[in-house]
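Notes for the one structure printed next.
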Amino acid sequence: MASARRGGIIMNSLFKEYREKLLMLTKVTCISLPLLGALLFAGCMTAGEHRAAVRDDTGSQLTVGTVQREIRVGMPGSEVARVLGSPNIVTTDENRREVWVYDKIATERVFSTTSGGVSALILGGASVGGGIVGGAGGPSYSSSAGASSTSQRTLTVIIKFDEQSRVRDFAYHTSRF
């Protein structure tokens, strides 16, 4: 009877130790899996979100509409500079009158990629000696595809001034390819 009692105490002690290790493994798994999920989805952004993150809309936008709407013959040069900003080139014509040239080129590159896959995550754990040994692994399949596009826009604005530094003529040219 004493032997059976001692065997029961040993079994109870082993069961208690196994239960504690299993509880610890469950806690680690419950903390690790949500963290792993958060890390997997933390870097996911749509193409539109990427584009917005790199687009620089902080400066004034020189457009054909701005030139058509704002620039007028007789306008002083200071007002032109306020509306369009500083020109790229300032030169003079044959009569020593100023000519301002605004030359803008915009290149836009768009990349889009998609990828997907299926993975099997197999978790396992076993009590070995005084500790718990765990493992993970499994088969997986993935594929990806992508495309890119590049376009350019140009806008050239030429403003000619008279002897009093007022606009006497202006012209513009725009292209997109």
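Here are the numbers:
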| item | result |
| --- | --- |
| So residue 163, is it at pLDDT 70 or above, within 25 Å of residue 90 (Cβ to Cβ) and among the charged types (D, E, K, R) | yes |
| In segment 86-120, the residues that are of a type in the set (A, V, I, L, M), at pLDDT below 85 and touching a strand residue (DSSP E or B) at 6+ places or on another chain (Cβ under 6 Å) | 110, 118 |
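The values are calculated or read from the model by the stated rules, or taken from the named source; none is laboratory data. Because the structure is predicted, anything quoted here is derived from the model rather than measured. Virtual Cβ from ideal backbone geometry, glycine too; neighbours counted across all protein chains shown.
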